[in-house]
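As structure tokens, the structure follows; a few thoughts come after it.
Just so it is clear, none of the values below were taken in a lab; they were calculated from the coordinates. These numbers come from a predicted model, not from an experiment. FYI the Cβ positions are ideal-geometry reconstructions off the backbone, even for glycines, and counts take in every protein chain you see.
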Amino acid sequence: MAYPRYRLHSALDRDRLAEEFGKNRRLHIPNFLEPEGAERLLAALVASDAWRLIVNQGTKVTEFDRTMQAAMPPEQRAAIIAGVFAGAKQGFQYWYETIKAPHTNAARLADPTPLNAFACFLSSIEVIDFLRSVTGAEDITFADAQATAYGPRHFLTAHDDLSEKQKRRVAYVFNLSKGWRVDWGGLLAFHDGGAKVIEAMIPSFNALNLFAVPQSHSVTFVAPFAPRRRYSVTGWLRAGTPP
């Protein structure tokens with residue numbers, strides 16, 4: 001099977017984007033890729049059976065593949081959901097589906113799925129150079145990546161992504177949701193540390209969101225009436241020796 005070759009959109013203006021990023025240390029870039037790459041990546045994610053439901057209980061993280069989810073008794077599912085909502089009342093909580101790309105390019109190339117190919121593309125010299133120019137983070141050397149799918153009632157509560165050990169410089173969200181409406185939820189929301197949301201970004205198809213780490217943010221609750229899942233590829237642009 002031939003996998004897509006991803007290309008940055010020819011109309012990207014890195015000087016203008018760098019100016020915009022500098023204002024608030026975050027940025028929404030529409031039309032990040034030439035469109036055929038985004039289309040094929042979305043199609044591959046929608047068709048994939050590799051999705052795993054991921055949920056935390058404090059620092060403990062549990063994952064359930066599709067087979068495990070299908071075999072789960074209703075009472076177990078209800079207990080997990082109750083625990084998720086209880087945890088979200090006071091602390092850091094998340095609940096969504098994920099497919100994780102390997103951290104090393106060698107492992108990505110050994111399993112050349114469209115997601116792994118996209119992860120390699122993000123860590124390529126061309127794209128890292130572009131992202132350094134836009135963000136001003138000159139020590140970025142590679143990107144990690146995971147696909148995420150937020151269905152009805154999925155969410156990610158407020159956090160700031162700070163991890164000195166992992167040398168995260170900039171977080172990114174590459175959005176793959178078509179025709180997404182603001183009232184469906186699933187917005188990337190930025191907080192002022194108090195009770196105010198200072199900005200919220202709709203997950204527009206083929207748009208890349210960037211924001212410097214640390215910044216307090218969340219993914220808002222996806223409404224039960226949302227007709228489809230919110231797809232994206234997310235991760236961090238990191239410094240240090242590439243794996």
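Can you spot a residue in segment 106-117 that is among the small types (Gly, Ala, Ser), crowded, with 18+ Cβ neighbours inside 10 Å and in contact (Cβ under 8 Å) with a residue 60 or more places away in the chain? So that I can check it myself, show each step before the final result.
Step one: filter segment 106-117 for residues among the small types (Gly, Ala, Ser), giving 106-107, 110, 117.
Now drop any that are not crowded, with 18+ Cβ neighbours inside 10 Å, which leaves 117.
Going one step further and asking which of them are in contact (Cβ under 8 Å) with a residue 60 or more places away in the chain, we end up with 117.
Yes, segment 106-117 contains at least one residue that is among the small types (Gly, Ala, Ser), crowded, with 18+ Cβ neighbours inside 10 Å and in contact (Cβ under 8 Å) with a residue 60 or more places away in the chain.
If a residue counts only when it is aliphatic (A, V, I, L, M) and crowded, with 18+ Cβ neighbours inside 10 Å, which strands (runs of 3 or more DSSP E) contained entirely in segment 27-105 have at least 1 such residues? Lay out the reasoning, then the answer.
Working: elements: 52-57, 60-65, 94-100.
Correct list: 52-57, 94-100.
Determine whether Tyr150 is crowded, with 21+ Cβ neighbours inside 10 Å and either under 18 Å from Leu12 (Cα atoms) or among the β-branched types (Val, Ile, Thr) (or both).
On the way: crowded, with 21+ Cβ neighbours inside 10 Å: yes; either under 18 Å from Leu12 (Cα atoms) or among the β-branched types (Val, Ile, Thr) (or both): no.
Considered against the rule, which asks whether it is crowded, with 21+ Cβ neighbours inside 10 Å and either under 18 Å from Leu12 (Cα atoms) or among the β-branched types (Val, Ile, Thr) (or both), Tyr150 comes out as no.
Among the residues that make up segment 47-57, is at least one of them over 20 Å from the mean Cα position of the chain (by Cα) and hydroxyl-bearing (Ser, Thr, Tyr)? Steps first, answer last, please.
Within segment 47-57, the first condition is being over 20 Å from the mean Cα position of the chain (by Cα), and the residues that meet it are 57.
Keeping just the survivors that are hydroxyl-bearing (Ser, Thr, Tyr) gives none.
Within segment 47-57, none of the residues are over 20 Å from the mean Cα position of the chain (by Cα) and hydroxyl-bearing (Ser, Thr, Tyr).
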Hits in segment 1-44 - residues which are free of Cβ contacts under 8 Å to residues at least 24 places away in the same chain and of a type outside the set (Asp, Glu)
Met1, Ala2, Ala11, Arg16, Lys23, Ala43
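So which residues in segment 182-226 are touching a residue at least 60 places away in the same chain (Cβ under 8 Å) and among the aromatic types (Phe, Trp, Tyr)? So that I can check it myself, show each step before the final result.
Taking segment 182-226 first, the residues touching a residue at least 60 places away in the same chain (Cβ under 8 Å) are 190, 199, 201, 204-212, 215, 218-226.
Passing the criteria: Phe190, Phe205, Phe211, Phe221, Phe225.
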